[in-house]
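Reviewing the structure listed below.
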Amino acid sequence: MMSEPEILPLRAQAARGQVREPERSQFVHLLRHFLERFFNHETASPDGDAKTRIVQVAFAAGLPPFVVAMYLWPVYHPLWPVHYPVNEYTMRHSTLPGPPPYWLQVNHHFFFVIYSFVAVGIAMVFEWDLFFPDLLDLFVLKPLPIPDLRLFLARVSAIALLVGGFLFDANVFATVVLVPAIDPPNLPRFLAGHILATGGAGLFAAVFVLALQGVLVAALGERLFRRISLLLQGLLIGALLMMLLLFPVFSGVVPALVQSAGTFARWCPPFWFLGVYERLMEGPFALSIYTQLARTGCIATLMVAAVVILTYPLAYLRRTRQLIEGATAYPRGNWLGKVVSGLVNRAIVRSPEQRAIFHYVTQTLLRVSRYRIYLVFYGGVGLSIVISSVLRISVVHHQVRAAISASGLRASIGIVSFWTIAGLRVAFLSPGNQQGSWIFHFVHGRPPEIPTAHKQLSAAKIWALLFAAILTGVACLIACAIAPPGLLTWRAVIAQLLVATGLCLLLNDFFFLHVRTIAFTGEPIDESPNLAIALAKYFTFFPIVVWLSFASGPWIEHAGWRYIAIAVGISLAHWLIELRHREVVRQYCLFFDPGDRGNSFHLLLDLRDYGVCWQNAENRPIPDDCENSVLQESVVSKK
């Protein structure tokens, strides 16, 4: 909370003199503008509170390595002998109070390298659309007397400051805590290795994302790039998060990967900067493979930076020119879409209200990238968790082996359905279409009648259920293709299909139980949501879903009557939740407050919600916004 301004008497205020605004050049104004847009665009901050978003991002990026560094203090300063497992890399049963074995220390260094790489990479992918001009820049900044070169340099400087800020935030706090936590024998070498390795890993991730985007925009153009942009964002997010989530798996095979100097270590960027870390820490006593990996990392970073320098100006110019010229739209008939739409209309959404909302959701998701980016990020999180749950890596006779986990395959069904429906709920409830939501209020009233409101809300639930069922079905097919023989029996397959169906249906009911607004027309709330409570809900509910997905299959397979029991239980739970949802909608329609902030927009358009006044004629008082005296007299006479 910012402190209130001090209230001074007029004489004291006059003694202060005239308030002088700081003199800033045009370049500085542009730089501040572009930096603010990184955190104040509609995807990062829908409520427009950029300062709060910056603080949240700073804490989210800097807190994990800071906490890990604190927890390393008892590892390096044990109060009693610590027992480590004996293997070819750990040559002792126990150790006196002192530092852990060598390869365990290497794994600790490897975590900070991977975290810097992942954190900066995710930040760059999230700000993907703001590295080049958009229509807002074209309409607002182009008519102003600003030289094009100055505009270009201001954007480049803002990108450089963004990268530098994330590098500083993701690494500086952990570096301060690591020094007393691990008590390095050579402090200058440790600081040089840690700072250059973590900074180099994050810098490589940033320039790689910029180089990839620059090459694609310069080669394909804006129109083709937009078609593959979201797919690339999802793949990059999934790969980065998978790298971080698989760290516990990698930590057990890092010695084998490093000493064998295999293909994976030579082509995986975090291993390059681990080589920088260990080469600077150990000096001439480091393994020879560290020198090779460090040399590869330096050369790769310089090459990718050169690609950015060459391609970014070309992509910038081509993007600007295509925005000015515009894109020519050619009407094309999609016969497959028409066939699917007809089947959905006849079999699933039969009422006009449901059809309107169902196709409104489809067209909005296809046209507005802001909503699709939520699905991309949630999909990337789900994909990374699935891969980290299914993949198992081990070392057998100095060779790295990958295997498929049967328990991970069972749990993957719950992971896919959970993150799919969670992402759809976040997208549907995201505010931003208030300018177009008045049409629903004008046609059906605000709120509509109870049957109409239930049909409108059920259409979004049906859309989410179909989408989640399709993705979960694809996940089941992939699981069957790679599953061990024990999971391919007819009893196991039917049990997994029952579990997938039940999870999709019940998760969809739970997530949309208290949703009372049409998709994409949610109203921004007055208070900022508590991010900690929201994350706590996910961390509490998600493990329960994964455990149910893992444990339900084997339990069902043991007896034939359990198949019928689980189907009846799913149907009964769905029926009870549906009754509760109808009650929530009924309460919302009966006790609706027409004087709230969300009712003001269509009042400003002189589209007063007279339908609410007519509905209130039977059971509720006349609201103050029924300003038409003739209408008030009619309502009173009807009473």
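The values are calculated or read from the model by the stated rules, or taken from the named source; none is laboratory data. Here the structure is a predicted model, which is why all the values come from computation and not from measurement. Methodologically, a virtual Cβ is constructed for each residue, glycine included, from the backbone with ideal geometry; neighbour enumeration extends over all protein chains shown. These area figures cover heavy atoms from the full protein model, side chains too; ligands, DNA and RNA do not enter into them. Shrake-Rupley method; radii C 1.70, N 1.55, O 1.52, S 1.80 Å.
Which percent of the accessible area of segment 280-325 is formed by carbon and sulfur heavy atoms (probe 1.4 angstrom)? Walk me through the numbers on the way to the answer.
Details: 2020 of 2710 Å².
Roughly 75 percent, rounded to a whole number.
Of the peptides 495-505, 347-357, the order by per-residue mean of other Cβ atoms within 10 Å, starting with the highest, comes out as 495-505, 347-357. Largest first, the three principal axis extents of the alpha carbons in segment 195-305 are 53, 29, 24 Å in whole numbers. Overall shape: oblate for segment 543-591, with the ratio a/c of the largest to smallest alpha carbon gyration tensor axis at 1.5 or above and b/c at least equal to a/b. Heavy-atom accessible surface of segment 182-304, averaged per residue, reaches 43 Å², computed with a 1.4 Å probe. Debye-formula intensities of segment 90-187, expressed as log10 I(q)/I(0) at q = 0.20, 0.24 Å⁻¹, are -1.06, -1.26 (one equal scatterer per alpha-carbon, no solvent). Stretched out straight at 0.36 nm per residue, the stretch from Arg321 to Leu144 would grow longer than its current Cα-Cα span by 62.0 nm. log₁₀ I(q)/I(0) of segment 99-253 at q = 0.10, 0.16, 0.19 Å⁻¹, via Debye over equal Cα point scatterers, no solvent, to two decimals? Per q value, in the given order, log10 I(q)/I(0) is -0.48, -0.96, -1.20. Here segment 120-181 exposes an accessible surface that is 81 percent carbon and sulfur, computed with a 1.4 Å probe and the other protein chains kept in place.
Can you tell me the order of 299-310, 166-177 when each peptide is scored by its average per-residue count of other Cβ atoms within 10 angstrom, highest first?
On the way: 299-310: 15.4, 166-177: 20.3.
In descending order of packing, they fall as 166-177, 299-310.
Full extension from Ile482 to Glu36: what is 0.36 nm times the residue separation minus their Cα-Cα distance, to one decimal in nm?
Details: separation 446, 0.36 × 446 = 160.56 nm, distance 4.69 nm.
Fully extending the segment from Ile482 to Glu36 adds 155.9 nm.
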